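Take a look at the structure set out below.
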Amino acid sequence: MTSYHLDHLQHLETEAIHIMREVAGEFERPALLFSGGKDSICLLRLAEKAFRPSDIPLPFLNVETGHEFPELIEFRDRRAKQLGARLIVRTVDQAIANGTATPGPGEVSRNKLQIPVLLSAIEEFRFDCAIGGARRDEEKARAKERFFSFRDSFGQWDPKNQRPEIWNLYNGRLNPGDNMRVFPLSNWTEMDVWEYIRQEELEVPRIYFSHTRECFRRGGQWLPVPPPHPDPTKADPYAGARPKPTEPRKTMVCRVRTIADMISTGMVESPASTVDDIIGEVAAARVTERGSRADDKASEAAMEDRKKVGYF
Amino acid sequence: MSVLTSPSPATVPSVHAAGAPLPVDILRFNTCGSVDDGKSTLIGRLLYDSKSLMEDQLEALERSADLTGGGAINLANLTDGLRAEREQGITIDVAYRYFATPRRKFIIADTPGHVQYTRNMVTGASNANVSIILVDARLGVIEQSRRHTAIAALLRIPHLVVAVNKMDLVGWSEARFNEIREQFEAFLPRLDIKDVKFIPISALNGDNVVTPSVHTPWYPGPTLLGHLEGVHIGSDWNLNGFRLPVQWVNRPNNPTDAQLHDFRGCSGQIAGGIVRAGQKVLVLPTGIVTTVKEIWTYDGRVPEAFCPQSVTLVLADDIDAGRGSMIVGLDNPAGTGTDLHAKVCWMHSRPLERGKKYFLKHTTSTVQAVVTELVHRLNIETLDPEPAPAALTMNDLGEIRLRVSQPLYYDGYAVNRLTGSFILIEQGTNATVAAGMLLPSHEVVKPESGDFMI
């Protein structure tokens, strides 16, 4: 019977394809959150596997903080075009300008400000479902997520009152205004993602590979030095995220392990220049992937608190 | 100034064979026990001793040790993820954990023992290959142990492990271990569970979890991890009767490839059996027999596919088939009917009402359902059925009859988990209120016009 056996990647793949197709079958206006990061790159391949030869029946949605790595944006746009998909981009900058999002005093990170932008994009396009690339192995609060994560009309996640998920039967029923977040990669680990990227020969943004970059030390991490401020007559978008004279600087051979935006992504020193190298690094890693994410270090329950108010 | 002098080209570097061999399969297990049986500690121990914890996780443990543990590392903090849980010291929802050894990848569903959260155990256990029932060696079998075992049996989890924990607190007594085993063996035969393994452990100290204990020379068996690595899960999937619930009709709108102009495929995950190109199949509910022209996948056409692969079938005839349709093989015909007989676990605080309408989701089809009869409720203490209960309330297990608005095409749950299961959804609130396991139908599907009848 060995020929009727799925290895772990095939197993995870068929589970994720099933979920993608359930979304296409059960929702009127689903979208797929595509950032250009490694997890959402896998999502796109799974969408191809689920829906080809048809068009992928979901537009791609991305919320920009305004602090993105340029390589990521370039990759995101190119990949969406290759796939013939509609890419919708909404930005924190626009949201601040029109008052949908308001930064707190001295708030440099725009991670939290993505929440109102995402929610208003969902409202604007009347999306009833958003597929995301979150994985349960990333973080403790994520470990409690369902594949189909129900959100009320405020986008809120209620961890104590989740719908039970039994077998592969997902309850996608919504009342008007309700919303679903769906996570096909729930059971994938960081290692699975890289093994899948290798198996499928998927292109990833080159910042995942080793390169030379100037960084500075803050909060126990090496953060990339932001690009120069182009127009001194306007407010610096990276104000607060530039190295202070007291903060040590270093030009290092490094890469990103996980990508948020420039001001919340710690660079890891690494010579890994191929997917195989990265897989070797992940296998030997002694800190978790999110250990290099400044946004999660805010407090023990940082992710839990953000998810409750609508973070994906 | 930021300098990016990447030597890498803008494409993925060439892919070479990996160093380490890939894990061959995935084993899913869930842990169940009462509050304070040490579930979270056990999972923490498995992760810790199998070196699946990272330094930042250990640091976080050390940070919280000062707050809650009086300085000692509390392995339970690894899994009790939500703030509410840490404050109340309970696990309030199913949490999933992942780790791998060179032999296997593991998915743990950490399911809580609180009586009011039984629905989460059903959630966590429904896809499990193995259920681990934790028992406090001092307390022995309690109602929760019976409940968890009964649920595992009801869900037909193929393998059960009874981990007798806190053996250090009963002086590593072999007699006590055997006593607990006998308590279990007294009721196990009534539950139809085939494979049960008893292991004496101390999750707190790590005995027999990953490394063999020096305190149990009288126990010749494997450690818990050793058992999980070795247990034969084979194929949990049904490979006997072909079933494809159609999820989505694949019809390209603007195909660039002229060959795809008339492409019409039925996409879905095979829920049972094997399908081969050229094979005759029956399309339900139309009842028409046709031939599988192609088995289409993104990676190319394949001559055959099996459960649980996701595929797209192209049929020889243009037959009305959409989401909710089922394509089945001609051998091992599926059962059908509108009067259903099922075991259920009730999962909602509003009790099951006879005569009330629910949505019933079975494979990819959602129909309306009315509960026509409450056959019995299972008494968890005695494991006896109590006939004709007035209601089934939260966490009750029982047997019911339902009538549905359209015929279902299904199998008995004992034969096929995927085509034998359903959920009930409350109309209005959309809450998932029950998990159901179908008993076999007396009637089987047959082609519209044919000689195929049993």
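The values are calculated or read from the model by the stated rules, or taken from the named source; none is laboratory data. Just so we're clear, the structure is a prediction, and the values are computed from it rather than from any experiment. Because the Cβ atoms are built from the backbone with ideal geometry, glycine has one as well, and the counts that use them run over all protein chains shown.
Only residues that are crowded, with 24+ Cβ neighbours inside 10 Å and part of a helix (DSSP H, G or I) were counted in segment A:101-117, giving 1.
Taking the condition among the aliphatic types (A, V, I, L, M), surrounded by 23 or more Cβ atoms within 10 Å (Cβ to Cβ), in contact (Cβ under 8 Å) with a residue 12 or more places away in the chain and more than 10 Å from every other protein chain (Cβ to nearest Cβ), does A:L32 pass? So A:L32 fits the description; yes. Right, B:V344: farther than 25 Å from A:H18 by Cα, assigned to a strand (DSSP E or B) and not hydroxyl-bearing (S, T, Y) or not? When the stated conditions are applied, B:V344 does not pass them. The single condition among (1) touching a strand residue (DSSP E or B) at 6+ places or on another chain (Cβ under 9 Å); (2) within 9 Å of another protein chain (Cβ to nearest Cβ); (3) touching a residue at least 60 places away in the same chain (Cβ under 8 Å) that A:D178 does not satisfy is (3).
Go through the residues of segment B:338-356 one by one and say whether even a single one is surrounded by 14 or more Cβ atoms within 10 Å (Cβ to Cβ) and closer than 18 Å to B:P245 by Cα. Among the residues of segment B:338-356, at least one is surrounded by 14 or more Cβ atoms within 10 Å (Cβ to Cβ) and closer than 18 Å to B:P245 by Cα, which makes the answer yes. The conditions of being under 24 Å from A:W194 (Cα atoms) and touching a strand residue (DSSP E or B) at 6+ places or on another chain (Cβ under 9 Å) are not met by A:T251.
Conditions tested, residue by residue: (1) surrounded by fewer than 22 Cβ atoms within 10 Å (Cβ to Cβ); (2) more than 7 Å from chain B (Cβ to nearest Cβ); (3) not in a loop (DSSP other than H, G, I, E, B).
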| site | (1), (2), (3) |
| --- | --- |
| A:N171 | no, no, no |
| A:L185 | no, yes, no |
| A:V193 | no, yes, yes |
| A:E203 | yes, no, no |
| A:R213 | no, no, yes |
| A:F216 | yes, yes, yes |
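When A:E28, A:E71 are screened for being among the acidic types (D, E) and under 30 Å from A:R255 (Cα atoms), only A:E71 passes.
Tallying residues that are under 23 Å from A:N168 (Cβ atoms) and either part of a strand (DSSP E or B) or free of Cβ contacts under 8 Å to residues at least 12 places away in the same chain (or both) within segment B:401-429 yields 15. Taken together, the criteria exclude B:G398 from residues that are surrounded by 14 or more Cβ atoms within 10 Å (Cβ to Cβ), in contact (Cβ under 8 Å) with a residue 60 or more places away in the chain and in contact with a Pro (Cβ under 8 Å, 6 or more places away or on another chain).
Based on what the data block shows, is A:S153 part of a loop (DSSP other than H, G, I, E, B), within 24 Å of A:K234 (Cβ to Cβ) and touching an Asp or Glu at 6+ places or on another chain (Cβ under 8 Å)? So A:S153 fails the test. Among the residues of segment A:76-93, which ones are under 19 Å from A:I263 (Cα atoms), outside any strand (DSSP E or B) and in contact with a helix residue (DSSP H, G or I) (Cβ under 8 Å, 6 or more places away or on another chain)? The answer is A:V92, and nothing else. Within segment B:213-226, identify whether any single residue is closer than 28 Å to B:D331 by Cα and surrounded by 14 or more Cβ atoms within 10 Å (Cβ to Cβ), and answer yes or no. No, every residue in segment B:213-226 fails to be closer than 28 Å to B:D331 by Cα and surrounded by 14 or more Cβ atoms within 10 Å (Cβ to Cβ). Scanning segment A:128-144 for residues that are more than 7 Å from every other protein chain (Cβ to nearest Cβ) and out of contact with any Ser or Thr (no Cβ under 6 Å at 6 or more places or on another chain) yields A:D128, A:C129, A:A130, A:I131, A:G132, A:A134, A:R135, A:E138, A:E139, A:R142. The residues listed here are A:F147, A:F154; of these, the one that is of a type outside the set (D, E), within 30 Å of B:I26 (Cβ to Cβ) and more than 10 Å from every other protein chain (Cβ to nearest Cβ) is A:F147. The residue that is nearest to B:R301 (Cα to Cα), counting only those in segment A:49-91 that are more than 14 Å from every other protein chain (Cβ to nearest Cβ) and of a type in the set (A, V, I, L, M), is A:A80. Only helices (runs of 4 or more DSSP H) whose full extent lies in segment B:104-222 are considered here, and none of them has at least 2 residues that are under 30 Å from A:D192 (Cβ atoms) and among the aromatic types (F, W, Y).
With respect to the conditions (1) in contact with a Cys (Cβ under 8 Å, 6 or more places away or on another chain); (2) facing chain B (nearest Cβ under 9 Å); (3) surrounded by fewer than 16 Cβ atoms within 10 Å (Cβ to Cβ), A:K160 lacks only one, and its number is (1). Reported count of residues in segment A:99-111, each being without any contact (Cβ under 8 Å) to a residue 40 or more places away in the chain and farther than 15 Å from A:G66 by Cα, is 4. Restricting attention to segment B:273-321, the residues that are within 12 Å of another protein chain (Cβ to nearest Cβ) and not in a strand (DSSP E or B) add up to 7. Reported count of residues in segment B:223-255, each being β-branched (V, I, T) and either free of Cβ contacts under 8 Å to residues at least 24 places away in the same chain or in a strand (DSSP E or B) (or both), is 1. State whether the residues of segment B:239-248 include one that is within 11 Å of chain A (Cβ to nearest Cβ) and at pLDDT below 95. The answer is yes; a qualifying residue exists.
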